[in-house]
Amino acid sequence: MYFSWANKLDDEYWHDQMRMSIAKIKQVAVEDGIYDDRFTQYPNYALAGVTAEELYGANNAARLREIRREVDPDRIMDLAGGFSI
């Protein structure tokens, strides 16, 4: 799926359209029996606001948080941006 627009003022509208398109595709996949709730989103295609659980699964997100607590207790890497874990 590819969306493109020129005016930044249209961002909210098009982000909503993307979310609705993703939801519709997921609905069709569920109805066709080709979607499993264990599937995660591909990070390179995920929109802002997607949770770590949606990207990596609940068990993996919990493990990543545990690693973050051990390796980066001051959360310096949060300054790098990207998806929040």
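The values are calculated or read from the model by the stated rules, or taken from the named source; none is laboratory data. Because the structure is a prediction, the values reported are computed rather than measured. A quick note on method: Cβ atoms are made from the backbone with ideal geometry, for glycine too, and the neighbour counts reach across all protein chains shown.
Do we have any residue at all in the range 48-61 that's under 18 Å from the mean Cα position of the chain (by Cα), outside any helix (DSSP H, G or I) and not small (Gly, Ala, Ser)?
yes
Just name the residue that is nearest to the chain's Cα centre (by Cα) out of those in the range 62-81 that are more than 26 Å from Glu12 (Cβ to Cβ) and in a loop (DSSP other than H, G, I, E, B).
Filtering first and then ranking leaves Arg75.
Does the range 12-51 hold any residues that are over 24 Å from Gly82 (Cβ atoms), at pLDDT below 95 and of a type in the set (Phe, Trp, Tyr), and which are they?
Tyr35
Which ones in the range 37-47 are part of a helix (DSSP H, G or I) and more than 16 Å from Ala23 (Cβ to Cβ)?
Scanning the range 37-47 gives Pro43, Asn44.
Of Ser84, Ser21, Ser4, which residue is exposed (fewer than 13 other Cβ atoms within 10 Å of the Cβ), at negative phi and not in a loop (DSSP other than H, G, I, E, B)?
From the options Ser84, Ser21, Ser4, the qualifying one is Ser21.
Residue check, Leu9 against (1) assigned to a helix (DSSP H, G or I); (2) modelled with pLDDT of 95 or more; (3) surrounded by 10 or more Cβ atoms within 10 Å (Cβ to Cβ), all met but one. Which one?
(3)
Does Ile34 count as among the hydrophobic types (A, V, I, L, M, F, W, C), surrounded by fewer than 12 Cβ atoms within 10 Å (Cβ to Cβ) and not in a helix (DSSP H, G or I)?
yes
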